[in-house]
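One structure below.
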Amino acid sequence: MTTLALKDLIIKPERLASGHRLCAGCAESILAKQILLGTDDEVVVTASTGCFEVSTTIFPYTSWNTPYIHTAFGNGAATCAGVETAYAALKKQGKIRENIKFVNFAGDGATYDIGLQALSGAMERGHKMMYVCLNNEAYMNTGIQRSSATSLGASTTTSWAGSLAPGKKEFPKDMTEIMAAHNIPYVAQVSPHNWRDTVTKAQKGFNADGPSFINCISPCPRGWRFPSDETIAIAKLAVETCVWPLYEVVDGKYVLTGESARIASGKVEKKPVLDWINSQGRFKHLLQDRWEPVVESIQDQIDKKWNRLVKLSEMDL
């Protein structure tokens, strides 16, 4: 794995060009560019239906400077696995000599919900591919409907906040842990504010001897209700409150990284979840006194998961 230097990264060829139609302040293009800096090999990109796909490949235009395949919501992992299998066979026959990497980009709807079966199958079969979830915590492309990645208490168009409901009533599914349970070589969580952490993890994912999975928090100004110039600050706050810890699971070993490692060591103070709630309009109703128990439940769940993660990172395998 190469040592990261910003001056070396900025001169690399641009695999995702500007001119796409993502919303102002969307983190998805930032994350994708960081991920694609993780290898110097040729890359084949597949993408499940979602915000990222429709905004970067509006026919007859494309922002991609790589081979690219658009797939349906549910079969992104299967498509990527199929291309990887064809490559492995052709390389074994001597018909291809180049080293090529394979990555599928998908939103949380295509990962946590509709595409989970295909994703689980590809990981279990051991395909040498990387799956990247651009997690903006809802079906943003089709109107901000809740997904199983949506936070407890978030108001969406299918989990309304009102006089009887505090928004979404369920905690989000922990997809990163589900992928770690597949015993694949590499699993990680990243945030766009920490480019060095993200690119380093992408390098490890691309170089893994088997499947890898990277879950990226991707703040959405439109769906989360915050100003479009605050995307990176919101992403950083997710890490500082331990809503979204930075960590990796390397061959089963848990390692905290970035700010999360510093919080665990006591060098940085963990911020309260109320800071996170105050930063976004999708949670504004939770500031009412009657929903205080919901805020307490969110904080309690974050604390439990964080304490478990710290303990796992201290274990020697």
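Every number in this text was worked out from the coordinates using simple rules, so none of it is lab data. Bear in mind that the values here come from a model prediction, so they are computed numbers and not experimental data. Every residue, glycine among them, receives a Cβ derived from its backbone with ideal geometry; neighbour counts consider all protein chains shown.
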Task: Estimated inter-spin distance, residue 301 and residue 62, nm [label 7 Å along Cα→Cβ] - done: 3.9 nm
Open item on the list: Nearest 500 deg cm²/dmol is fine: what mean residue ellipticity at 222 nm does the chain get from its DSSP H runs of n ≥ 4 alone, each adding -39,500 (n - 2.57), divided by its residue count?
Closed with: -10500 deg cm²/dmol
- [ ] Quickly work out the residue 42-to-residue 250 label distance, labels modelled 7 Å from Cα along the C-beta direction, and quote it in nm with one decimal.
- [x] 3.0 nm
Open item on the list: Quick check: net charge around residue 220, other residues with Cβ under 12 Å of its Cβ, Lys/Arg +1 and Asp/Glu -1?
Closed with: -1
Open item on the list: Under 17 Å between alpha carbons, and skipping anything fewer than 8 positions from residue 128 in its own chain: which lysines qualify?
Closed with: 91, 92, 101, 201, 204
TODO: With only Lys, Arg, Asp and Glu charged, each at its Cβ (+1 for the first two, -1 for the last two), find how big the charge dipole of the chain is about the Cα centre; round to the nearest 20 debye.
DONE: 360 debye
Open item on the list: Along the charge dipole of the chain, pointing to its positive end and built from +1/-1 on Cβ of Lys, Arg, Asp and Glu, which listed residue (246, 154, 111) has its Cα farthest out?
Closed with: 111
Open item on the list: Within 13 Å, Cβ to Cβ, of residue 252, how many net charges do the neighbouring residues add up to if Lys/Arg are +1 and Asp/Glu are -1?
Closed with: -3
TODO: Set the Förster radius R0 to 30 Å, insert the Cβ-Cβ distance between residue 311 and residue 182 as r into 1/(1 + (r/R0)^6), and round the FRET efficiency to 0.05.
DONE: 0.90
TODO: Rank by packing, highest mean first: peptides 216-226, 38-48, 171-181, with packing defined as the count of other Cβ atoms within 10 Å averaged across residues.
DONE: 216-226, 38-48, 171-181
Task: Residues 101, 253 arranged by fewest to most Cβ contacts within 10 Å - done: 253, 101
Open item on the list: Please state the shape class of the range 47-102: rounded when a/c is under 1.5, otherwise prolate if a/b exceeds b/c and oblate if not, all from the C-alpha gyration tensor.
Closed with: oblate
Open item on the list: What does the extension gain come out to for residue 171 and residue 91, with contour length at 0.36 nm per residue minus their alpha carbon separation?
Closed with: 24.4 nm
Task: the chain shape via C-alpha gyration tensor axes, a/c threshold 1.5 - done: prolate
